[in-house]
Amino acid sequence: MSEDLPLTVVVPVFHEEDTIGRTLAELREKIELPHQVLVVYDYPEDPTVPAVEALLDHYDNVKLVLNDIGRGALNAIRAGFREATHPGAVVVVMADLSDDLAKVAGMYRLIQQGYDLVAGSRYCAGGRQEGGPLFKKTLSRVAGVSLHALTGIPTRDVTNAFRMYRTSFLRSVEIESTGGFELSLELTVKAWAYGFRVGEVPSHWRDRDAGESKFQLRAWLPKYMRWYTEALAHRYLGSQVGSGRQEEA
């Protein structure tokens, strides 16, 4: 496998044995860029692990990664970021086939043009979402569109996990999130506040058709609100966002 792969795909998993085969097949079919796939699991007994191991002879670009930071989607993504050593970019893709993989090429073109974070956006012109609980998707849309209008953050979708990051950007920010997919909002707000280039491409999101969602709105809503209010405070009061930038490793 080439040592200069431009793209790393991070796929956090938890009991995704029913979908992971289809996910790997779609990644191969729809991402034409040379890429490595990191399937990140929380514990060795996860049945996703043997399902992936059975396919490794067919996928020489797939690697299993044990999340040793702490269980949960957030830490699995963080473990994937840490393992992503190739220069270029990192994209987060869910194993439930909800993300619009056909958009990955367009996201990477923006990275090539100098963007540091590119959101797969359900709420810009041409984007859409299909299925999912009405309250959850309404709240997500209101949060993204309102934050764009109030602060000028250059994406209308601040919560979707389907995002591509320049690897050097990930090395230059400290992740402070402690639960769930608040990570997407944190990194978007920090990229904008710290002067990185943020962009978006329209994306079609589909609610999962197998397994159970890992989204926990009640537990995660206060964490989302932290970064929403920090963005507003930065825009109108000039306050620092989070702990500030760190030197690139």
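The values are calculated or read from the model by the stated rules, or taken from the named source; none is laboratory data. Source: prediction; values computed, not measured. A quick note on method: Cβ atoms are made from the backbone with ideal geometry, for glycine too, and the neighbour counts reach across all protein chains shown.
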Exercise for the section: Go through T188, T229, T151 for me and flag whichever is modelled with pLDDT of 95 or more and under 22 Å from R82 (Cα atoms). Expected result: T188
Fill in the blank from the handout: Apart from one, (1) modelled with pLDDT of 95 or more; (2) crowded, with 18+ Cβ neighbours inside 10 Å; (3) farther than 17 Å from L24 by Cβ all hold for V65; the odd one out is (3)
Fill in the blank from the handout: S146 meets each of (1) touching a residue at least 12 places away in the same chain (Cβ under 8 Å); (2) farther than 22 Å from L7 by Cβ with one exception, condition (1)
Exercise for the section: Give just the number: which of (1) over 27 Å from I20 (Cα atoms); (2) out of contact with any helix residue (DSSP H, G or I) (no Cβ under 9 Å at 6 or more places or on another chain) does P154 not satisfy? Expected result: (2)
Exercise for the section: Filter region 163-191 down to residues that are out of contact with any strand residue (DSSP E or B) (no Cβ under 8 Å at 6 or more places or on another chain) and assigned to a helix (DSSP H, G or I) and give me whichever is nearest to Y115 (Cα to Cα). Expected result: S168
Handout entry: Residue within region 202-220 that is at pLDDT 95 or above and of a type in the set (G, A, S) present
Key = yes
Exercise for the section: Consider T85 carefully, then state whether it is surrounded by fewer than 23 Cβ atoms within 10 Å (Cβ to Cβ), of a type in the set (V, I, T) and farther than 25 Å from L187 by Cα. Expected result: no
Handout entry: Residue list for region 18-28, filter: in a helix (DSSP H, G or I) and either modelled with pLDDT under 95 or touching a helix residue (DSSP H, G or I) at 6+ places or on another chain (Cβ under 6 Å) (or both)
Key = I20, E26
Practice task
Evaluate region 35-51: report whether one residue or more is out of contact with any Asp or Glu (no Cβ under 7 Å at 6 or more places or on another chain), in contact (Cβ under 8 Å) with a residue 60 or more places away in the chain and closer than 23 Å to F169 by Cβ.
Solution key: no
Practice task
Would you be able to say whether some residue in region 149-162 is farther than 17 Å from V241 by Cα, in a loop (DSSP other than H, G, I, E, B), touching a Gly at 6+ places or on another chain (Cβ under 7 Å) and of a type in the set (D, E)?
Solution key: yes
Handout entry: Single residue of D96, D60 found to be without any contact (Cβ under 8 Å) to a residue 60 or more places away in the chain and over 23 Å from L110 (Cα atoms)
Key = D60
Exercise for the section: Please determine, by comparing only the residues of region 152-180 that are over 19 Å from T8 (Cα atoms) and surrounded by 20 or more Cβ atoms within 10 Å (Cβ to Cβ), which one is farthest from the chain's Cα centre (by Cα). Expected result: I153
Practice task
Of the conditions (1) surrounded by fewer than 20 Cβ atoms within 10 Å (Cβ to Cβ); (2) under 24 Å from I31 (Cα atoms); (3) touching a Gly at 6+ places or on another chain (Cβ under 8 Å), Q129 clears all except one; give me its number.
Solution key: (3)
Problem - Residue check, Y59 under 18 Å from the mean Cα position of the chain (by Cα), among the aromatic types (F, W, Y) and surrounded by 15 or more Cβ atoms within 10 Å (Cβ to Cβ) - result: no
Exercise for the section: Considering each residue of region 184-195, count those that are within 20 Å of G106 (Cα to Cα) and surrounded by fewer than 21 Cβ atoms within 10 Å (Cβ to Cβ), and give that number. Expected result: 0
